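Report on the following structure.
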Amino acid sequence: MRALRIELRRSVALGIGLALLAFGAFTILAGGYFRYGGWAALSYTLRDSLLILWPLAAGAGAWQARREQSRGVAELMTTSARPAAAQLAPVAIALAVTVSLAYLLTLLAGSVRLWLSPAQPYLTLPGLAAAGVGALSLITAAWTGLAVGRAVPSRFTAPGLTLITFMIGAALQEFDLLSNTHDPGLLLATISAPYQQDWVQLPLSLSALQAFWLTALAFSAFCFTLARHRRGRALAVVPATLALMVTFPLLPAPTPDGWDTAFREDPEAMRPVCAEGEPRVCVMRVHSGLLEDLTPPIRQALKAMETLPSAPTAATEVRAESGSPDRQTLGFEIVLGAAGRLEEPGLITFETLREAMAPACEPPSDASFEDYSDRSLAWDLAGTWLTDQVDAPRGENWPDERFADAYAALTALPPQQQAEQIATYYRNATGCTGDLRADLLADVTGTVS
Amino acid sequence: MRSVSAAETAPTQYAWPVEAEDLKVRAGRTMAVDGLDLRLSTGVHGLLGPNGAGKTTLIRALATVLPPAGGQLQLLGRGTAKGSDLREIRRELGYLPQHFGFYPRFTVREFIEYMAWLKEMPDRQVTAAGQRAIDRVALSSHADKKLKALSGGMLRRVGIAQAIVHDPRLVLLDEPTVGLDPAQRVGFRDLLREIGGDTCVLVSTHLVEDVSAACSNVIVMASGRQVWQGTPAQLSALGGPDDPGDSPTERGYSAALGQAGGWG
Amino acid sequence: MLHLRARHVPQALAVAFAATTAMWLGWLVFSTGEQIGERISALSIALACVAVAGTLAGYDESLDETGARPWPRVRALHLLIAFALLSGLFAISLLTPMRFGPLGFLIRDVAGALGLTALTAGALGSQRAWFGPVVLSAVNLFWGAPDDRPMLQALTFMIQPADSIAAGVAAAGLAVIGTLAYMRRPRRPATGL
């Protein structure tokens, strides 16, 4: 303990720990996918940042190894009673403690941010295991650095190792060198193809596999650092080599279209959780912390649709790529902003309604550009009419200069007629029948265009 | 961790802390120690010899850095071939190398305590032992300074302190007085005599006065062999008026080497 | 010649040349384009600068100090030669089917990264001169792509297009400040870890 305390104070351990902490904090504050999700996204963002943290930790290990190169120190070490492994332990443990602690502290800081927001962290065993593998990966990095620094005692080793591992990471991303067979990034526990929705997770089996390989590599690195002769060094790399031969074929391979199959959907995270009262509003379990904030605007949307033919009577969260489960259920998407807060809470009703009014079918294959823009304008008119939020931002889709005139013409009609036109549009849009623009645009197509 | 050091439990069962017979040690390609017979008892032994005589090689062999290339070597009653024996020897061995390596970012206290830990000293004794060692080399006022901030003489004293912190039974000091000023050398000789009361101390030096002032026994080496052994008084008596040197001991040393003079 | 050996110049040249060639070869084999990705180019240049960092001081800087040489001028010359050598090394690729980037890009990056290396050497001591390029590389890698905000362009100047003004200014500034800082002498002794 005494030696460990001294090493914690005097080796590079503290410095590299602080550096990793700074970079990690920077990662979750300044950018990354954490902006758009909850705890899973946070955890996978950090795993992604291993691409930078790993080489830094490895370089620190190599830098530390320089200290033992002075001939006098080696002599003092040789003549001391403690076995070589015990001599190496304090500095190796000090490095392991600080690099893994830096990683976990970054994760904790992000988690606290989430806990303070309505979107509570959704913690699962596989999720925690995946986070733990990230910390383990950094320990392996530091110890590998120690071994490389011992093997190549040169002033160029530490920076060279850092930059070369940077390059390997960047090159892997740039080329997808081997990813059509197995993702080598998974070996360093980085996540090169982020698929970071909150309802996916890395399976426990993959985390166990990675932990096995990383532990073997760390063990080999430790033994290599100890070995004083060539034979010992050759023996030291055996565990890592064996582990690599076992692990690599078992790593998940991406699908031909590039999806990273490392991730699995988590049914528990996707289980619907519903608010009390009617009409029913449900979100995924992983977003249940947001239910309270979401229910009023979603119910408001349901109410606005009441008058439409066969209007939905309940609402549920859906994934971006899938629409409403059936016509009786209104589907809505949750867009998380920074640190798990709802993005633009004032626009939820409007956005939900706009999505609900989207045409269910593609236009005919011979449709002209005018057809497209008319359909879009009709959709926009219908969506806006339900909440009357004329000023709401419509994103970059089809900014149509005809909108203001068309909307004025629509709202100039008697209320009964307005409702009928919107109902007709809705029936046609959801049922893929008739001409979407027929009624809604009758008044504008002649005047503007 | 062991709670009691071997020194406390095992009575000394050996006649000589250092016993070498026809010892051969290789330094690189040359046989730097070539057929040396040596027996050292408790007390302070001075090791004299010209450059290249094999002093440092001998000390490194006795410090278990270099394995003997031939002959017999027993340290503290144990052979140096078996790993377990080596560990027992090293636990009771204090060593100051000629090129003393250190961790520049450590403070004096940290370094001494770290070395005590390396010597497998029981943890609860380390703090007190470290302080005592620092006091003995008169570095108390610098105990919490980093090593990289110390002068050469202070570093040498740190080196001596780390060699004695764990109360070893065998202390090997290679050129310990290099960089010490005269007052510090006097203090160091007092320290040597004190340690030599119950410990076998071997000091290699090129300063003959150190030997005459602090040692009970003098060994003169040349070309890898012992050429003379005796007390400092005997060494002084050996020298004639024609032998080169500024003091009787130096003249005795020259006579022991049998050299006419020049750069010895 | 002895001065060069004391400063590890032969090893540094070998490291820089080997790393650059390896990168170039790797790209030639695996890529179908005719230009190396700017992140990899930036990392290669940073690596070459790290090799130069190893030559910025001998084992003991205080020993260097006492040498009766006009050190500021020698140091400035050292940087200038390093700049010429590295620029030349990377510019050779312009004659091959696979280049590290347009000439302006290469010169800007070598000047900026070398300036940062010299600045770090001046501030933290030559032994730590490589901290600068390594941290800069991490920052570049983190952002990963060109960006249109001037502050970010300056921060990640090594991966910006050759015509970016902010990136050019940042690199030129680093080159000047770094050279001055290194000429004024590295402060810390070289013994520390």
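Cα convex hull, the stretch C:2-183: 104 Å³ per residue, rounded to a whole number. In sequence order, the stretch B:121-126 has phi-based couplings of 6, x, 4, 5, 8, 5 Hz under the Karplus curve 6.51 cos²θ - 1.76 cosθ + 1.60, θ = phi - 60°, and Gly or Pro positions carry x.
Shape class for the stretch B:82-203, computed from the alpha carbon gyration tensor (a ≥ b ≥ c): oblate, with a/c not under 1.5 and a/b at or below b/c. For the stretch A:271-353, a Kirkwood radius taken over Cα pairs fed into Stokes-Einstein (25 °C, viscosity 0.890 mPa s) yields D = 192 µm²/s.
Show me you know the interface measure: the accessible area buried between A and C, both chains summed, probe 1.4 Å, in Å² to the nearest 100.
Working: alone 22390 and 10210 Å², together 29880 Å².
Buried area between the two chains comes out at roughly 2700 Å².
Just the number, please: buried accessible area between B and A, total of both chains, 1.4 angstrom probe, nearest 100 square angstrom. For B against A, buried area totals roughly 2700 Å².
Which of the three applies to chain B, rounded, prolate or oblate, going by the alpha-carbon gyration tensor with a ≥ b ≥ c and a/c under 1.5 meaning rounded? Because a/c hits 1.5 or more and a/b fails to exceed b/c, chain B counts as oblate.
So, for the stretch C:2-183, what is the accessible surface per residue at a probe of 1.4 Å, expressed in square angstrom?
Values: 7910 Å² over 182 residues.
Heavy-atom SASA per residue in the stretch C:2-183 reads 43 Å².
Entry comment: accessible area of the stretch A:271-353 is 48 Å² per residue, from protein heavy atoms only and a probe of 1.4 Å.
Legend: distances between Cα atoms for B:K119/B:K146; B:K82/B:K145; B:K55/B:K146; B:K82/B:K146; B:K24/B:K82; pairs beyond 29 Å are B:K82/B:K145; B:K55/B:K146; B:K82/B:K146.
Taking Cα atoms only, the orientation of helix B:248-257 departs from the longest principal axis of chain B by about 70 degrees.
Burial here means at least 30 square angstrom less accessible surface with every protein chain in place than with the chain by itself, probed at 1.4 Å; in the stretch A:131-158 the buried residues are A:R155, A:F156. Of the solvent-accessible surface of the stretch C:2-183, computed with a 1.4 Å probe over protein heavy atoms with every protein chain present, carbon and sulfur atoms account for 73 percent.
Summarising the label geometry, the points placed 7 Å from Cα in the beta-carbon direction at A:A22 and A:R2 lie 3.4 nm from one another.
The values are calculated or read from the model by the stated rules, or taken from the named source; none is laboratory data. Keep in mind that this is a model prediction, so the values were computed, not measured. Cβ coordinates were reconstructed from backbone atoms using ideal geometry, including for glycine residues, and neighbour counts include every protein chain displayed. Remember, those area values only see protein heavy atoms, side chains included, never the ligands or the DNA or RNA. Shrake-Rupley method; radii C 1.70, N 1.55, O 1.52, S 1.80 Å.
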